[in-house]
Structure formats: C-alpha cells, structure tokens
C-alpha cells in the first residue's frame, strides 16, 4: 500500500511536469481541409505532401478529406477551431465564404485559404501559386515539339485559374510557333480518369500531337503514351506513368509555405498576408526536362525558367489581344495581378468560346 | 473537315472501349435483378474490384491472378449483401446503399498504398490485324480479352435467360418466389448465386477500369459508372441486348461530344456534357415502350424479401 502511494505520487508529479512543459512550449496544431481524397495523386495529394512537410518540421497536424464546399465546410471548420487547432488551411476555392464566416467566430485561430481573395477578418490570409508561369514553359515546349501544329488541351471548369492557364500556354506556344492551333475540350470534371482519357483520345484522334491538361489524374498522360504523342504532367511529376510521353510536369509545391506559416504561428509572428508565389519562390516547380527534347530547347527552357523566376520575363507581356482583336495589355506592359485574378476572356489564337 | 474512314473506325473503337465496364456491370446486375434481388451496391462492388485488381497486379505481378482476384473480391463483398438480404432478410435498398458506401470507404483504405504507382500494360489480341481492313480493323482487332468477353456477354445472358433451364429457374424465382418454392426450387440458393454472379461481373468491370482502361489506382475512380450501369438495367427493361445499345449510346455520346468540342461545334458545352444522360434515357424509354413486354420482362418480385417460413 505504501509503495503504491509513493508510486502514484511520483507518477502524478511526472504527469504534472509534462503538462506544465507542454503548456509553456504550447504545441502548435495545424489542420488541413481537403476538397478531394488524399489519394487523388493530384491537387489534394500535393497539399497533403505539404502537410507531411509540416509534420516533419515537428508540428502536429490533422486533416479532413472530401469536405464539400457547402454548409458542411462550416461545420468541419468550426469543429477544427473548437478542438484546439491554432491554424487551419482550407485548400479549395469554394471554402472562401465558410472560412471567413468561421474566422469571425474564432479570432484566436488563424485561417489560411488557398486560391481565394476574401480576407474579411485580420485572422484570414490567402495564398495561391502562379501556375500560369509553369504553363508558359509548357507552351514553349509544346509549340516547339509539335509536328502537326495541333495542340490539345483538356480543361476542367471555366474559371479564371483555368482560362489564365490556357492563355499563358497559348501565348507562349504562339511565340515559338505562330502556326499552332490550341484545341480545347472541357471535361467538366477535375478528376475522372475515364472521362479525361476519353477527352484526350478525342483530341489525339483529331490530330493533336501534344496534349496539355488542367485536370488532375494521370489518365491523360497514359493515353498519350499509348497513342505515341507528347503530354505534360499536372500537379505532381507524372513521368513514371508515361516515360515516353511526359516531357516535363508542373508540380505544386506547398510544403515550404506551410512550414513557414505554421512556424510563424508558433513564434507569434503570424500576420495577415496575401501570397501569390510562382517559380521564383519555389511554389511552382518544373520537373526534369525529358531527354527527347533537343538540347537547344532544353537550354532555352532553362533560361526561360530562370527569367520567369527573376521576374525578367512575365507570362503576360504586351501586346496581348483578345479573340476579337481588342487590346488587353499594351506593348511593353505586363498584366497586373488584378487582371490575372479575374481573367475570363481568351487571348487571340485560342479557338472556340468559353462555356458560359 | 475531311472525314477519314479510319477516323470513324477509331471513334467507334473508343466508344466500344468506354462501354465495356457498363456492359459488364449491367449484365451482372440484370441477372441479380431477374432473380428478384435489387442490389444498389454496384458502384461499391466495382470500386472494390478496381482496387483488388490493381493491388493484386502490383503485388503478384500476374494479370490473371489480378483479374480473377478482382472478380473474387466482387463475389466476397456481394456475399455480405447476400447474407444480409437473404439470410437476415434485411431491406434490399438500404443494404445496397450501405454496400456502396462500404465499398468506397474500404477501397480508399486499401488503396492508400497504391496511389501513384503506374499500372502494367495489359496484352491486346490481334494487334497486327488492325490495319488490314479499313474501318473494321480498329473496331474488331487490338483489344483486350475482357473487351471481347464484354461484347459477347449480352448475347450469352440473353440466351441463358431465354433458352436454358437454369435461366428459367432464375426468372421464376424473380417473378414468383412462392410458386418457385412450391415447385421445390431453393429460392434462397438461387438468389445467393445470382447476387454473387452480379458481384463477380461488377468486380470485373472495376478491374477493367483500373487495369486496362486507365491503368492506375485513384480513389473514387469508378466515377459513378456503377449508378449508370444500374440505370441501364432499368431503362433497358431487363433486356441484355438493349443494355448493349444503351451502353453504346452512353459511351458514344460522351466521346462524340468531346469530338464536337475539339472540332469547335458551337453548342453550349454544358448541354453537350449532359447529352449522354438525356439521350440514353430517351432512347431506351422509346425502344421499350411496349407496356405488355415491360410487364413480361420486369421481375415482379424485384426488391421484395422472401421468407420461406410464412
């Protein structure tokens, strides 16, 4: 009995000590809200790679996947905020309003919303990546590598992010090859391998010999591999899925940003920010260039990559005209971020209309 | 635009390839429903087949083990459904829905380790004959064994139901389990068998997606095809040949609308993407409007539980 008392006393002391230390060093807990499953090998997968980087930096993280962009999102956010998370990353455009709404109720919790523009409360930051810079590189490669001068583009939904990508891709391709035509097919899905493969097949059957994609699965590069045409990986390096077809990939690299922001919360230096990082800051990464590309193209791409990173080259440098021939960006000027963020018109050279 | 005859052949071949999973799953479900059991778990069984096939292919390296393993996985998961609905007499609709939710969840769990792994190339037959005949060459040759099986299946199913004794028993059980039981037929056994067969075909349909059509594993990769397969069974009024027609129209319009977009036809894209769903239903309703025939082919006891003891 005596022994037992001593033992419980000692263990209570140890427990108390641990608790005190924990309270002083306050473990920062980060939560991530995902639109899709972490197993999509695309958008959500890459965010989860970023989350793992946060974990590797020594912080606790949790995530909720497959959260619809509806009232459900609010419920999930409220629950995460209530259960002791210090910073919550909401990784889809549609979480914009729920994020701001819940942020108002929890002023001590920091919120980080990806790809949005509303920061209604001081505890809300937004962040996004300049993927269009990556598409400038893809367009340059596509325009050089095509023999049929028909380039296929599988698009997801008509939102500024996607239109901007189509435009920057086409502008770059035209610059190296004025004869190219970009054929666009809207799949109206971010991720349905069967449908994406069918869309790519239709473009290939119609003579496209380079396929670009703004949907998430690897089905398109695999279809390109089967048909013997070129393609580009999306969101992650897709080279191993189609070693012959994939010339390079544009990778989403969220890890460094996530680690930075969680550290800022831990140090108490977090403040509201609007971040839009590109190749220069490492948020957009270009995978290895395939050796099928001629050496001079590869060095050209390397240089373009460096110039985009340093800001010497901008993806949207005037003169840029829209489809009707109206001037969008004057000669010598570049498109400002406001124009880029709301871009809903095609540039000259893109075929077809934007679905309304 | 010049319409090349081989171009049409290519389009038809891709339409057929996209119809394969629908035909397989629908023909399987048709047998299940003909025995009077409504299994809404097709999507769940398909996704289980997809992950099982992909996982076995990656782990064992054998395509044969993977294909049969996927069918077996479909059988196993449908055994749960059969046990619940036939032995424990639960409600078919609720159990089927639960099966789908279960299938999607468990496939995601198993699949965690298989994301981001490229699939293997699946061998195709008669590749060399593809260019020998214009138009028909790409349609007839250069496909996987599963493809040929899928296009034979509606005819086999039709023959089985109409001309064989076992087919007659299946129909009798679906129409009037009481009478069948009085004739000495073991209703529960027949229904068990039909459910498991449906599971095997759904499993094969899933394996076709993850091993042949788009060789990779990602969560939810069946993308609602199980539900379309279910709808095809009903709108075809339980006729396997009409399932074939419906699946071809559905697959066909999905692919043709992409071609129309690529050519630059000025029709709103949203309308084009909705087209497969609308047209498939309209066509099947029109070709099946004979109400006498519908009554004849509809399993009268569909979805009703059968208690032998009362």
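Tabulated values for the structure
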quantity	calculated
Over segment B:1-133: Kirkwood hydrodynamic radius from C-alpha pairwise inverse distances, Å	17.1
Residue order, fewest to most beta carbons within 10 Å, for B:34, A:78	A:78, B:34
Neighbour-count ranking [beta-carbon atoms within 10 angstrom, fewest first] of A:55, B:219	A:55, B:219
Within the protein assembly as shown, percent of DSSP bridges classed antiparallel, to nearest 5	15
For chain A, built as a Gaussian network whose Cα springs stay under 10 Å, the top-fluctuating residue of A:242, A:335, A:128	A:335
Per-q log10 I(q)/I(0), chain A, q = 0.07, 0.14 Å⁻¹ (Debye; single scatterer per alpha-carbon; no solvent)	-0.35, -1.14
Estimated distance in nm for a label pair at residue A:60 and residue B:62, the labels positioned 7 Å out from Cα along Cα-to-Cβ	4.7
For chain A, share of DSSP beta bridges that run antiparallel, in % to the nearest 5	15
Cβ crowding within 10 Å averaged over residues, with A:328-334, B:285-291 ranked highest first	A:328-334, B:285-291
Tail weight of P(r) past 19 Å, computed on alpha-carbon pairs of segment B:131-187, percent	53
Average Cα contact separation per residue, chain A, under 8 Å, 6 or more apart, as relative contact order %	16
Listed residues B:137, B:41, B:103, most fluctuating in chain B (Gaussian network, C-alpha, under 10 Å)	B:137
C-alpha long axis of helix B:42-60 to longest principal axis of chain B, angle in °	60
Segment B:156-175 versus segment A:300-346: alpha-carbon centroid distance in Å	66
Average projected area [Cα convex hull, segment B:19-297], square nanometres	16.6
If the convex hull is drawn through the Cα atoms of the protein assembly as shown, its volume per residue in Å³	211
Computed over segment B:146-294: relative contact order in percent, which uses C-alpha pairs under 8 Å that are six or more apart	20
Percentage relative contact order, segment B:19-297, counting C-alpha pairs under 8 Å, at least six apart	35
Long-range tail of P(r) for segment A:196-327 (Cα pairs > 19 Å, %)	63
Highest-fluctuation residue, A:253, A:326, A:100 considered, GNM on chain A with Cα pairs under 10 Å	A:326
Centroid-to-centroid separation of segment A:139-169 and segment A:91-127 [C-alpha atoms, Å]	31
At R0 = 60 Å, FRET efficiency that the Cβ-Cβ distance of residue B:290 and residue A:336 yields, to 0.05	0.40
Span per principal axis, largest first, for the Cα atoms of segment A:101-187 (Å)	57, 23, 13
Residues A:67, B:146 arranged by fewest to most Cβ contacts within 10 Å	B:146, A:67
Residues in segment B:219-251 that a label on residue B:277 would reach, taking backbone N under 20 Å of a point 7 Å out along Cα→Cβ	B:220-237, B:246-251
Calculated diffusion of segment B:165-284, Stokes-Einstein form, Kirkwood radius summed over Cα pairs, 20 °C and 1.002 mPa s, µm²/s	125
Centroid-to-centroid separation of segment B:1-49 and segment B:181-255 [C-alpha atoms, Å]	7
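Readers should treat all values here as calculations from the given coordinates under stated rules, not as data from a laboratory. Computed from a predicted structure; not experimentally measured. Reconstructed Cβ throughout: ideal geometry from the backbone, glycine too, with neighbour counts over all protein chains shown.
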